[in-house]
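What follows is one structure encoded as structure tokens, with my remarks underneath.
The values are calculated or read from the model by the stated rules, or taken from the named source; none is laboratory data. Values in this document were obtained by computation on a predicted structure and should not be read as measured data. Please note: Cβ atoms are built from the backbone with ideal geometry, for glycine as well, and neighbour counts cover all protein chains shown. For the accessible areas, the whole protein counts, side chains as well, though only heavy atoms, and no ligand, DNA or RNA atoms are used. Shrake-Rupley method; radii C 1.70, N 1.55, O 1.52, S 1.80 Å.
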Amino acid sequence: MSLIPPDRSVPDRSASERPRPAPGGGRLLAASDLHVGMPDNRPVTDSLHPEHEDDWLIVAGDVAEMTEDIEWALRLLAERFAKVVWAPGNHELWTPREDTNELRGERRYLHLVELCRSLGISTPEDPYPVWEGEGGPVAVAPLFVGYDYTFRAPGTSTKEQSLARAHEAGVVCSDEFLLHADPYPGMDAWCRARVALTERRLAAHDPSVPLVLVNHYPLVRQPTDILWRPEFAQWCGTELTADWHVRFNTAAVVYGHLHIPRTTHYAGVRFEEVSIGYPREWRKRGHPRGLLRQILPYAPDPRATDWPPVRKQEST
């Protein structure tokens, strides 16, 4: 049975404990895939600073694998930015043998939720904080919906066929060895449970306040179409979220995971991939748009062109 009661997606919290709206000024910024467990990425994360005392920061997953590294990075950012909003990536949910935290699956996720709460960071289990700065008000909604193998490899029609194709091609995500779905029978079952829970929350949200949807994985499949190895797409999301940016009043969608930072639009809604990525990637391409992507106030960036699909797909 899930540790999160199915009819209680938002914990009971007193008004004094709930995230407060952002004061006027500042910017709503975003980054993902900090990967601070890599020595060369740690100083990159340490270099992240607000330019305004009211700047907020969205962290869209893959902070690190080891609990100690995750806490170091999130604590650092929470101390610097007026508000931090976190959505988990797959790497935070891994259970490495070297980690003193041996929790798996949902228990590991809930442990990280409590860690974030102790730092004043909003999580997918908390009320959506409202950004009141320029471009607002918008509710920043961190999501955790995972993947269910429905972004299948070309020419396959079932999860089993798609996974077999990936193994044949030698393109297998490390999640298959390090990410556990306990107490669910698999990631697809955990994903379906998270989708149902999250849909209820989004449907209950006041539609007059636009949403910035934040998820580690893209909510639609199209961003994965440029992957060099299409077999990897099955670890990149779920078809169950394909219409969320249309069904719900959405100002923007923020995601990471693909390590292909770019701006795209689907059904007129802006999607921002905000990965910092691995050292081998950012050494090659640099960070021409900066380490932190400005989500609001929005001003189109003339440098916002798509990156070529270059990435190491077996380890993301």
Subject >> Neighbours by Cβ (under 8 Å, 6+ apart or cross-chain): first from the range 286-299, more than 14 Å from residue 262 (Cα to Cα); second modelled with pLDDT under 95 and open to solvent by less than 60 Å² (accessible area, probe 1.4 Å) >> reply: 296/133; 296/135; 296/136; 297/133; 297/135; 298/135
Original post:
If we scan the range 42-58, do we find a residue that is buried (at least 20 other Cβ atoms within 10 Å of the Cβ), among the acidic types (Asp, Glu) and touching a Phe, Trp or Tyr at 6+ places or on another chain (Cβ under 7 Å)?
Top reply: yes
**OP:** Output the number of the condition that residue 69 fails; it satisfies all remaining conditions of (1) open to solvent by less than 40 Å² (accessible area, probe 1.4 Å); (2) within 22 Å of residue 298 (Cα to Cα).
**Re:** (2)
**OP:** With the condition kept exactly as written, say whether any residue in the range 223-238 is of a type outside the set (Ser, Thr, Tyr), closer than 25 Å to residue 106 by Cβ and in a loop (DSSP other than H, G, I, E, B).
**Re:** yes
**OP:** Test residue 134 against the stated conditions and say whether it is among the charged types (D, E, K, R) and at pLDDT 95 or above.
**Re:** no
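One line per residue, one yes/no per condition, for (1) of a type in the set (Lys, Arg); (2) buried (at least 17 other Cβ atoms within 10 Å of the Cβ):
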| residue | (1), (2) |
| --- | --- |
| 129 | no, yes |
| 133 | no, yes |
| 151 | no, yes |
| 162 | no, yes |
| 165 | yes, yes |
| 175 | no, yes |
| 178 | no, no |
| 191 | no, yes |
| 200 | yes, no |
Original post:
Scanning for something in contact with a Leu (Cβ under 9 Å, 6 or more places away or on another chain), part of a loop (DSSP other than H, G, I, E, B), closer than 24 Å to residue 44 by Cβ and modelled with pLDDT of 95 or more, does the range 239-248 turn up at least one residue?
Top reply: no
Original post:
Looking at (1) without any contact (Cβ under 8 Å) to a residue 12 or more places away in the chain; (2) in a loop (DSSP other than H, G, I, E, B), can you tell me which one residue 217 breaks?
Top reply: (1)
Original post:
Assuming residue 269 fulfils every condition listed in (1) open to solvent by less than 40 Å² (accessible area, probe 1.4 Å); (2) more than 30 Å from residue 131 (Cα to Cα) apart from one, which condition is it?
Top reply: (2)
Original post:
Within the range 107-206, which helices (runs of 4 or more DSSP H) (wholly inside it) include 2 or more residues that are in contact with a Leu (Cβ under 8 Å, 6 or more places away or on another chain)?
Top reply: 187-204
Original post:
Do we have residue 156 as without any contact (Cβ under 8 Å) to a residue 40 or more places away in the chain, surrounded by fewer than 23 Cβ atoms within 10 Å (Cβ to Cβ) and β-branched (Val, Ile, Thr) here?
Top reply: yes
Subject >> Number of positions in the range 82-91 that are over 15 Å from residue 257 (Cβ atoms) and open to solvent by less than 10 Å² (accessible area, probe 1.4 Å) >> reply: 2
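Is the range 209-221 home to any residue that is over 16 Å from the mean Cα position of the chain (by Cα) and under 22 Å from residue 143 (Cβ atoms)?
Yes, there is a match, as at least one residue in the range 209-221 is over 16 Å from the mean Cα position of the chain (by Cα) and under 22 Å from residue 143 (Cβ atoms).
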**OP:** Can you work out which of the residues in the range 259-286 that are within 19 Å of the chain's Cα centre (by Cα) and part of a loop (DSSP other than H, G, I, E, B) is nearest to residue 57 (Cα to Cα)?
**Re:** 274
Subject >> So residue 95, is it of a type outside the set (D, E, K, R), under 25 Å from residue 198 (Cβ atoms) and touching a residue at least 40 places away in the same chain (Cβ under 8 Å) >> reply: yes
